[in-house]
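What follows is calculated from the coordinates using simple rules that are stated; it is not laboratory data. What you see is a predicted model, and the numbers here were worked out from it, not measured in a lab. Backbone-built Cβ (ideal geometry, glycine too); neighbour counts: all protein chains shown.
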Amino acid sequence: MLDLCVTIKGVSFLLQTGLGILGNTLVLLAYTQVVWSERRLQPVDMILCHLAFVDLLLLLTRCVPQTMTVFGLRDLLNDPGCKVVIYSYRISRALSVCLTSMLSVFQALTLAPAGGPHLSRLKARLPDLILPTFAGLWLLNMAVCIAAPFFSKAPRNDTAPAFTLNLGFCHVDFRDSLSYKINGIAVSTRDFAFVGLMLWSSGYILLLLHRHSRQVRGIRRSSQGGGAETRAAKTVVILVVLYSVFFGIDNVIWIYMLTVPMVSPVVADMRVFFSSCYASLSPFFIISSNKKIKSKMMCATADHEPPSVNNTQEGGAKI
């Protein structure tokens, strides 16, 4: 019989993983319908769609094996499998913070009042910069995370040597204190840089919404969607706040882990849970605030509903 603590931990991971996979899959399916019907995505929708994809990848490569390990499954992956899974997880986790930052910066530039000619040219080019920015972020994080596969391997026994991140299903063995701390500092520096950028741009968005809300509504009223950009800006701010809260908890635990040679599995599990909360919760904020996604989901639901008795009888009477 499973211990009560293990059961609670397993159920928590199971709920987090299930809800996260469901939410991100729904977002991706809704945007697939948008592409099918409209043949294109707006720039903000492209970023949100990409964010849902990397968050889904994060949950599949980290939370799914973590949940299976918590419930007692062993020997899930061999050495090559660990290298692929850990590398994929590191890239998807990095892209999650990068894309949230990109979303915040894009929305801040979109709402920014027209200034000099350089800003005007940049605003006009923003839609064309989306795909190159995606490619650049993928290449950047693939390079930053390249060391992860070299240190990843399948567990050999129940104990892990010093300076090893014991993930349960895999070990990340840094071999010595220097490589362990260099990796931690490099990852934290990248994350703090992008979080700082998203906080700065979100603060600018809040400043615009607070000081120039009437002017912004007047400017946008003639364009398609009316207040759509203002609603999108508020959604971006909510996502940034959500990410910042879980990022703070994650990094408090991470800094603690850097100060000790042996990390308790309970501490590692707590970090995994909080670092994955954003990937699990963000799609539901996107769904609740995005009218385009909600409309596609409502249409899909209506298409699968059987005709009512009254409608059937009325149709028969007409015939």
note = Computed over region 4-301, the relative contact order (Cα-Cα under 8 Å, seq sep at least six) in percent reads 26 percent
key: In sequence order, calculated HN-Hα J values of region 193-199 (Karplus, 6.51, -1.76, 1.60; Hz; x Gly/Pro)   = 5, 6, 5, x, 5, 5, 5
Across K234/K296; K153/K181; K123/K291; K83/K292; K123/K234, pairs whose alpha-carbon gap is larger than 29 Å = K83/K292
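So, counting K/R as plus one and D/E as minus one, what does the shell of residues with Cβ under 15 Å around C63 add up to?
Every neighbour counted, the sum reads +2.
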remark   = Given unit charges at Cβ for Lys, Arg (+) and Asp, Glu (-), the dipole magnitude of region 4-301 about its Cα centre in debye, nearest 20, is 1140 debye
task = Write down Rg/Rh for region 4-301, rounded to two decimals, with Rg from the C-alpha atoms and Rh from the Kirkwood relation over Cα pairs.
result = 1.00
Span per principal axis, largest first, for the Cα atoms of region 33-149 (Å) = 59, 35, 21
query = Which order do K234, K153, K291 fall in if you start with the one that has the fewest other Cβ atoms within 10 Å?
reply = K291, K234, K153
